[in-house]
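Values in this text are rule-based calculations from the coordinates and carry no lab data. All of these numbers come straight from a predicted model, not from anything done at the bench. Using ideal geometry, Cβ is built from the backbone for each residue, glycine included, and neighbour counts are taken over all protein chains shown.
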Amino acid sequence: MGEQVSRRRFLAQLAGGLGLTAGVTTGLPGCATVPVYPGSLSGGRIVLQRPELDEAMAAKRVVRLSAPGFDGTILLVKGERGEYRALDATCTHQGCTVRPTGSGLTCPCHGSSYNLDGEVVRGPAQKPLQRYNTEVKAETIEIWL
């Protein structure tokens, strides 16, 4: 038979292994969670209700937009001065979906990095993310598709 392991040693090793697993998975770009904010599709634009959106973005600088009838993936970024910009989340290298990581966006497929303006920080991508015109009104934010 094998060596007996004390309960204390077993629990210490288990806790260490779980801590390592948690540290690795939270550091992976594919494991980041991006809040989804619903809007409505109207006349070639996504319309978002501003008061609720401002509240939702108080904790997160990036949200993913959804709207019935719209199949794309758009990330809405709130800048440091409170300005909004909408970026297509499709990596310009080979079409994977970028995700927020730290202070930018990263492609989990090949590692391209973008800043929150959509500009390439590190390749292999060479073109910036597509940017959508964004109109901020008193009660709504409109993303023109």
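Identify all aspartates and glutamates with a Cα-Cα distance to LYS137 below 15 Å; exclude those on the same chain that are fewer than 8 residues away in sequence.
Within reach: GLU52, ASP54, GLU83.
What are the equivalent ellipsoid semi-axes of region 33-144, built from the alpha-carbon gyration tensor (square roots of five times its eigenvalues), in whole angstrom, biggest first?
23, 15, 12
Check each of the chymotrypsin sites (Phe, Trp or Tyr not before Pro) in region 56-145 and keep only those in coil by DSSP with at most 16 other C-beta atoms within 10 angstrom; list them in order.
The qualifying sites are PHE70.
Quick check for me: using +1 on Lys/Arg Cβ and -1 on Asp/Glu Cβ, what's the dipole size of region 33-144 about its Cα centre, in debye to the nearest 20?
280
Suppose R0 equals 35 Å; then what is the FRET efficiency for TRP144 and HIS110 from their Cβ-Cβ distance, rounded to the nearest 0.05?
0.75
Can you tell me, using C-alpha contacts under 8 Å and at least 6 residues apart, the relative contact order of region 21-145 as a whole percent?
Relative contact order here is 23 percent.
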